[in-house]
Structure formats: C-alpha cells, structure tokens
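What follows is a short report on a single structure.
The values are calculated or read from the model by the stated rules, or taken from the named source; none is laboratory data. In this text, all values refer to a predicted model and were calculated from it rather than measured experimentally. Positions of Cβ are generated from backbone atoms using ideal geometry, with glycine treated the same way; all protein chains shown enter the neighbour counts.
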Amino acid sequence: MIRIIAGGKKHDQITAPLISEYEKRLLKPYNITWEFIEEEKLIKKLETSWPFTGNNYLIICDERGENISSDEYSKKLENAFNNSKNVTILIGGAYGFPPEIREKADFLWSFSKLVFPHQIARLIVAEQTYRAQEIAKGSHYHHE
C-alpha cells in the first residue's frame, strides 16, 4: 500500500471524482490511502518528529526534484515493494517543503518544470501510480 500525505484539505469537487476513478483501479500493493494535514501543521510535525524511518521509501513531490518517466516511476515503486519497503509520498501545499525536510527524501519527484496546484498534483500522483501498476503488469494502458 502507498500512503500519500497531502498538505491542505481534502480533494476539491473537481479533482475528487477523477482521483477516485484511479483509486478504484489500483490493486495491492499499488493501492493508496490519503492523509490530509493542514500545511503548517504538517511541516511542524515533520520538523519535530520524523515519522519515516526504517523500512520506508519516502518520495517528496517537489518542483526542485528529478523529472522522470512513467517507466522510471514504475521501477522505483517495484524496487521499493521488492525490498519490502513501505512507500510514502508527501505532497506539499502552496509553499512546498523546507530544504531540511526535502533532504530526508529517498527521492525528490518533479512532475515537470511547470508548477501545479496541489489539487492537480494529487491527481497526477494517482494517475501515475495507476500507470506504474499497469506498466508493471505489462498492460496496454501505457503506450510508448
């Protein structure tokens, strides 16, 4: 299972049905759970007590991260699952995460050189996770 922690409130009315559609298609271990924490509280929580240790593979979505292909994202998830790692993805709010938090990530993931609203970032993570699952299965959802 992939745990996604997102800064801010629950999904908005526009993205919620789209995210839900991808969630329905996800199978173990690609299935996702969401945790929503107010952005300021999330940053304070991460600065005071780091909850990701041991068997955890932490991905932080950040515009300063590495831009990778869908195939590469699929391989990162597969490697984490094969190494019995719990996958956690952090999606920040409007201001992202401070450097001391970003430095703790196993992988900093940039979707593009463009900056997206965090609601759209959530949709991208849901769709790309579904795509990663389908790439791993060898389905025809992903075209090259």
Residue that is farthest from Gly8 (Cα to Cα) [pool: residues in the stretch 101-115 that are among the hydrophobic types (A, V, I, L, M, F, W, C) and exposed (fewer than 15 other Cβ atoms within 10 Å of the Cβ)]: Leu114
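Output the residue which, of all residues in the stretch 81-100 that are of a type in the set (A, V, I, L, M, F, W, C), at pLDDT 95 or above and crowded, with 19+ Cβ neighbours inside 10 Å, is nearest to Lys9 (Cα to Cα).
Within the stretch 81-100, the match that is nearest to Lys9 (Cα to Cα) is Ile91.
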Considering only residues that are hydroxyl-bearing (Ser, Thr, Tyr) and modelled with pLDDT under 95, look in the stretch 116-144 and name the one that is surrounded by the fewest Cβ atoms within 10 Å (Cβ to Cβ). Ser139
Among the numbered criteria (1) within 23 Å of Met1 (Cβ to Cβ); (2) touching a residue at least 40 places away in the same chain (Cβ under 8 Å), which one does Asn83 miss? (2)
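The rows are residues; the columns are (1) more than 19 Å from Glu35 (Cα to Cα); (2) aliphatic (A, V, I, L, M).
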position	(1), (2)
Tyr73	yes, no
Asn82	yes, no
Asn86	no, no
Ile91	no, yes
Phe107	yes, no
Ser110	yes, no
Lys113	yes, no
Leu123	no, yes
Can you name every residue in the stretch 21-54 that is closer than 11 Å to Ala6 by Cα and under 16 Å from the mean Cα position of the chain (by Cα)? Thr33, Trp34, Glu35, Phe36, Ile37, Glu39, Leu42
Would it be correct to say that Leu77 is touching an Asp or Glu at 6+ places or on another chain (Cβ under 9 Å), surrounded by 18 or more Cβ atoms within 10 Å (Cβ to Cβ) and not β-branched (Val, Ile, Thr)? no
Let me spell it out: the conditions are (1) without any contact (Cβ under 8 Å) to a residue 24 or more places away in the chain; (2) in a loop (DSSP other than H, G, I, E, B), and Glu134 meets all of them except one. Which number is the exception? (2)
The stretch 22-33 residues that are under 17 Å from Ser139 (Cα atoms) and in contact (Cβ under 8 Å) with a residue 24 or more places away in the chain, paired with ones that are among the small types (Gly, Ala, Ser) and not in a strand (DSSP E or B) (beta carbon under 6 Å, 6 or more apart): Tyr22/Ala126
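For the subset of the stretch 79-126 comprising residues that are among the charged types (D, E, K, R) and in a loop (DSSP other than H, G, I, E, B), which member is nearest to the chain's Cα centre (by Cα)?
The residue in question is Asp106.
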